Amino acid sequence: MKTIKLASLLFMVALLVTACHAGQPIRIVSYNVENLFHPTVDSVNRDTSFTPEGPMQWTFTRYQDKLHNLAKVIASIGEWEQAPLVGLVEVESRQCLQDLCSAHLSNFNYEILHYDSPDLRGIDCALLYQPEKLKLIESHPIVIHTDSDYRPTRDVLYAKMLPKRTKDTLHIMVCHLPSQLGGEIAARNRQKAFNQLQGFVDSILSVQPDANILMMGDMNYDPQDNLKSMTNLMVPMQGNNNGTYNWKGNWNFLDQFYVSDNMKQKVEPFVYKPDWLLEDDIETLTQRPVRCYFGKRYQNGYSDHLPVYLDWKL
């Protein structure tokens, strides 16, 4: 009789755990990590600023501190359950991602998606995902074509995934669009990038009108700007707070989510802004993210951007 009661109890507990897990949303993180460079000189990109001998005096000790700080942010965003999907911007190489995952996030069991971009500084987009929660179907870079008189920009990372708790395929794009440096030319190239991505989204929706499509990353413009964004078929999602990036006391929402119409009632966006990620700016009387460098002054911080995350309710 005791055996039967114990078996029944264990069965009920298992059902309860399964029900709770099934009801939990998938947390998706997007984070511009501000110059995650490896200290050695990259023979391809020939970057020398973030090296021990370079102007930023980027030593292996500082590099390890940076990895530790970023891992703290990623782990904290997940709260009680690890975030299964993390998009990263401003990453130099796959080696940086391997160091981050193997030494500082080893318990998260992340797989890495990364492609080298033509960006002159050698920074790329990347995606970390947990294969036990998300099955990778395909991935590839989307080359962003800019004007001939503008420097090459970062590729967009595309991935098609299937969450193992549902049959709803998810199309993901991790973006770092052309910089604001360059004025009108840069703005024109950001618009060209959006137009190109809109065409990519159209091609997905033409085959699957109810597709789940998520575009995230550093768009390098605030939604309040007069840039025509992907409003035709994608819904912008920003989150709480007054921005993710502080420039001379002014907050901007450079880091954004865009979702297809099918997802807009199932997602809720947030800006991750614990007190330890912010510091007081005495000159502007505002707060700003605790960045790794302020100019060339090393601060042992995190990033000049705040991370954003999205809870997708399946």
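One line per residue, one yes/no per condition, for (1) free of Cβ contacts under 8 Å to residues at least 12 places away in the same chain; (2) among the hydroxyl-bearing types (S, T, Y); (3) under 28 Å from L254 (Cβ atoms):
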site	(1), (2), (3)
I137	no, no, no
I144	no, no, yes
T153	no, yes, yes
Y158	no, yes, yes
L162	no, no, no
K167	yes, no, no
H171	no, no, yes
Q180	no, no, yes
E184	yes, no, yes
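For a quick check of your reading of the model, give me the residue pairs whose first member lies in the range 295-311 and is closer than 23 Å to M263 by Cβ and in a loop (DSSP other than H, G, I, E, B), whose second is of a type in the set (K, R) and at pLDDT below 95, with beta-carbon atoms closer than 7 Å and at least 6 apart or on different chains.
L306/K273
Give the residue that is modelled with the lowest pLDDT, with candidates limited to residues of the range 43-58 that are farther than 16 Å from D99 by Cβ and among the hydrophobic types (A, V, I, L, M, F, W, C).
Out of the qualifying residues, it is V44.
For the range 79-98, give me each residue that is in a helix (DSSP H, G or I) and in contact with a Phe, Trp or Tyr (Cβ under 8 Å, 6 or more places away or on another chain).
C96
Does the range 101-110 include one or more residues that are free of Cβ contacts under 8 Å to residues at least 24 places away in the same chain, over 24 Å from R165 (Cα atoms) and surrounded by fewer than 22 Cβ atoms within 10 Å (Cβ to Cβ)?
Checked the range 101-110: at least one residue is free of Cβ contacts under 8 Å to residues at least 24 places away in the same chain, over 24 Å from R165 (Cα atoms) and surrounded by fewer than 22 Cβ atoms within 10 Å (Cβ to Cβ).
Does Q82 satisfy being of a type outside the set (K, R) and surrounded by 14 or more Cβ atoms within 10 Å (Cβ to Cβ)?
Considered against the rule, which asks whether it is of a type outside the set (K, R) and surrounded by 14 or more Cβ atoms within 10 Å (Cβ to Cβ), Q82 comes out as yes.
Across the range 46-71, which residue is farthest from P118 (Cα to Cα) among those that are without any contact (Cβ under 8 Å) to a residue 40 or more places away in the chain and polar (S, T, N, Q)?
T61
Return the residue satisfying two criteria in turn: it lies in the range 38-71 and is surrounded by fewer than 15 Cβ atoms within 10 Å (Cβ to Cβ) and of a type in the set (D, E, K, R), and of such residues it is nearest to the chain's Cα centre (by Cα).
My answer is R46.
Report whether or not E79 is farther than 22 Å from F294 by Cα, touching a strand residue (DSSP E or B) at 6+ places or on another chain (Cβ under 9 Å) and of a type in the set (D, E).
Against the criterion (farther than 22 Å from F294 by Cα, touching a strand residue (DSSP E or B) at 6+ places or on another chain (Cβ under 9 Å) and of a type in the set (D, E)), E79 qualifies.
When the residues of the range 76-92 are narrowed to those that are of a type in the set (G, A, S) and at pLDDT 95 or above, which ends up farthest from the chain's Cα centre (by Cα)?
My answer is S76.
Is there a residue in the range 59-71 that is touching a helix residue (DSSP H, G or I) at 6+ places or on another chain (Cβ under 6 Å), modelled with pLDDT of 95 or more, under 26 Å from P178 (Cβ atoms) and outside any loop (DSSP other than H, G, I, E, B)?
no
The values are calculated or read from the model by the stated rules, or taken from the named source; none is laboratory data. Predicted model only: the values in this text are computed from it and were never measured. Quick reminder, even Gly has a Cβ in these numbers, built from the backbone with ideal geometry, and neighbours come from all protein chains shown.
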